[in-house]
Amino acid sequence: MAEIAVDYDGLIPNNVGLNADPRLRRALEQWHPTYLDWWKDRGPDGFQDNLVYLRTAVGVDQEGWAKFGYVRMPEYRWGILLAPQVEGRTVGFGAHKGEPAWQEVPGEYRAMLRRLVTVQGDTEPASVEQQRLLGATAPSLYDLRNLFQVNVEEARHLWAMVYLLQKYFGRDGREEAQDLLRRRSGDRDTPRLLGAFNERTPDWLAFFMFTFFTDRDGKMQLHALAQSGFDPLSRTCRFMLTEEAHHMFIGQTGVGRIVEATCAAMKKAGIDDPHNIARVRALGVIDLPTIQKRANLHFSLTLDLFGSELSTNAANAFNAGLKGRYLEDQIDDDHVLSGATYPVLRLRDGAVVREDVPALAALNMRLRDDYVADAESGVERWWNRIIERAGIDFRIALPHVAFNRRIGEFASIEADPAGNLLSAEEWARRRDDFLPTASDNAFVASLMRPERAPGKFAAWIAPPRTGIDNKPGNFEYVKLA
Ligand SMILES: [Fe+2]
Ligand SMILES: [Fe+2]
């Protein structure tokens, strides 16, 4: 099938042939003003009239998806872009394995599919809302621009899901699309659908941890949905993954640059002991134990997004061919999972044990395991290597999956970061050793002062190795004048 070229002239840039589908175009054009109201009301606070050096996707090929230029955020060209259709693509797993991939919603799975799209869609505007106040305290123009890049792309991901809802789900879909703009992160009455997306992102360390840990959950979910037998969902998610990679880059380098600044300041001051928190903080940098506590918090909150270890919903979505496993098409098995088992961590008589269960029931656990492995290698590669090179005796380690959980097998117990079960009293006594305290957070907050001169960086974060789009160090990523 010939590719539809990107139409970049209309109100909504797209490669889905919007001009040939007046009903859909009308639905999207009606949604657009409400969307813009949402963006102005709940998107980045301030900076809406400033020129920001942003990347806009204008195509889905190598060159097309990264066009850089100055743009005011409300004028950003949010578009609907799908990865190219693969000729002869078939459903890759589940009961329909081998049948042609669906181009329309299979009637029997309509409700399940709509739910998957809605839940994914809800996370996208949620993170924009969570990050809306951070512009005021950006540690540099480079970081300010990166924040806004993430924000406009998450908003584009909302567009991507709204396109699916409006194109394929009729009136229900249009209502879901409205509700995606009605819910509010952290709101008591109309919160976002998932826990971690109702948490606060109060400072830049939280922002970088969020993009490292929580955007990485997004990556795993998008990978699983990119395997979908519903082809429009697969193509949508495949393109979103190109943007998601950049969000994690911002998280891993962001925390990495904080670690780098801390290590450099410690060495300069002749401090060997990373646990001498008072002395390290007096240097105006964030001590490594506080960074560890923040990692503990964001990692455990994000694990809850994978849901219960054992899940019939996940089994049903797999059987239906709607949501696959991470890299499903590269796994060497029958892709039906008949008779297969998978090891799951369970609580048995007060201990954490590994138990083989039917693989179909354990799909959430499997995706979470893939996530943990991915996050772990990122921590090693991006953070611990910096500490090691500085010769400081400290290692950032991800806590055990039983630590600080609210959903699933370990929701009812407390455990330390090593996975040892704790009584409620022990937890209360030692909690502050594991998770950020009010005074830790107040210290981080005290560092959050904006640095707005081109090429200047707040002292608690090192400059990046290279600029965005290879721009020089003093490039004016956001024009504030
Ligand atoms: Fe996203
Ligand atoms: Fe993201």
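The values are calculated or read from the model by the stated rules, or taken from the named source; none is laboratory data. What you see is a predicted model; the values in this text were computed from it and never measured. Reconstructed Cβ throughout: ideal geometry from the backbone, glycine too, with neighbour counts over all protein chains shown. Ligands, DNA and RNA are excluded from the accessible area calculation, which covers all protein heavy atoms including side chains. Shrake-Rupley method; radii C 1.70, N 1.55, O 1.52, S 1.80 Å.
Figures for the structure shown
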{"item": "Residue-by-residue Karplus 3J(HN,Hα) for the stretch 469-480, coefficients 6.51, -1.76, 1.60, Hz, glycine and proline x", "result": "6, 6, 6, x, x, 9, 5, 8, 5, 10, 8, 8"}
{"item": "With DNA, RNA and ligands ignored, accessible area of Val60 (1.4 Å probe; Å², nearest 10)", "result": "40 Å²"}
{"item": "Cα centre as origin, Lys/Arg/Asp/Glu Cβ charges: the chain dipole, Debye", "result": "1120 debye"}
{"item": "Hypothetical label at Ala390: residues of the stretch 282-315 whose amide nitrogen lies under 18 Å (7 Å Cα-Cβ projection)", "result": "282-296"}
{"item": "The stretch 337-377: C-alpha gyration tensor shape, a/c 1.5 cut-off, then a/b vs b/c", "result": "oblate"}
{"item": "Principal axis dimensions, largest first and in whole angstrom, of the chain by Cα", "result": "66, 64, 42"}
{"item": "Whether the stretch 47-120 is rounded, prolate or oblate, judged on the alpha carbon gyration tensor where a/c under 1.5 counts as rounded", "result": "oblate"}
{"item": "Burial order of peptide ranges 366-378, 24-36 (average beta-carbon count within 10 Å, highest first)", "result": "366-378, 24-36"}
{"item": "The stretch 230-290, dipole about Cα centre (Lys/Arg Cβ +1, Asp/Glu Cβ -1), debye to the nearest 20", "result": "180 debye"}
{"item": "10 Å-binned pair-distance histogram of the stretch 161-298 (Cα, whole percent)", "result": "11, 27, 30, 17, 10, 5, 0"}
{"item": "Stokes-Einstein D (µm²/s) once Rh is taken as the Kirkwood radius of the stretch 235-359 over alpha-carbon pairs, at 20 °C in 1.002 mPa s", "result": "113 µm²/s"}
{"item": "Calculated FRET value between Ser308 and Phe475, using beta carbons and R₀ = 60 Å, to 0.05", "result": "0.80"}
{"item": "Per-residue [θ]222 nm for the chain (sum of -39500 (n - 2.57) over DSSP H runs n ≥ 4, rounded to 500)", "result": "-14500 deg cm²/dmol"}
{"item": "Relative contact order of the stretch 145-246, pairs being alpha-carbon contacts under 8 Å that are 6 or more residues apart, as %", "result": "17 percent"}
{"item": "Net length gained if the chain between Glu376 and Val86 were fully extended (0.36 nm per residue, minus Cα distance)", "result": "101.1 nm"}
{"item": "Value of relative contact order over the stretch 288-429, rounded to a whole percent, pairs C-alpha under 8 Å and six or more apart", "result": "28 percent"}
{"item": "Overall Cα dimensions of the stretch 311-385, principal axis frame, Å, largest first", "result": "42, 38, 21"}
{"item": "Relative contact order, percent, the chain [alpha-carbon distance under 8 Å, six or more residues apart]", "result": "19 percent"}
{"item": "Inter-probe distance in nm under a simple model that places probes 7 Å from Cα toward Cβ, at Glu426 and Ala20", "result": "6.5 nm"}
{"item": "Alpha-carbon centroids, the stretch 241-256 and the stretch 8-35: separation in whole Å", "result": "30 Å"}
{"item": "Fraction of accessible area attributable to carbon and sulfur, the chain (%, probe 1.4 Å)", "result": "49 percent"}
{"item": "Centroid-to-centroid separation of the stretch 130-196 and the stretch 291-358 [C-alpha atoms, Å]", "result": "26 Å"}
{"item": "Student exercise, the stretch 25-168 dipole from Lys, Arg, Asp, Glu Cβ charges, in Debye to nearest 20", "result": "200 debye"}
{"item": "Mean Kyte hydropathy of -1.0 or more with a Cα span along the axis of at least 20 Å, helices from DSSP in the chain", "result": "110-130, 141-168, 231-269, 288-303, 363-378"}
{"item": "Under-5 Å amide H pairs with Leu51, H placed in peptide plane, nonlocal only", "result": "Lys479"}
{"item": "Rg in Å to one decimal, and Dmax rounded to a whole Å, for the stretch 21-170 via C-alpha atoms", "result": "17.7, 52"}
{"item": "Dimensionless Rg over Rh [the stretch 423-473; C-alpha; Kirkwood]", "result": "1.27"}
{"item": "Rounded accessible area per residue of the chain, 1.4 Å, Å²", "result": "41 Å²"}
{"item": "Other-chain or far-sequence residues with amide H under 5 Å of Glu99's (modelled H)", "result": "Val91"}
{"item": "Viscosity 1.002 mPa s, temperature 20 °C, Stokes-Einstein D of the stretch 304-437 from Kirkwood C-alpha radius, µm²/s", "result": "127 µm²/s"}
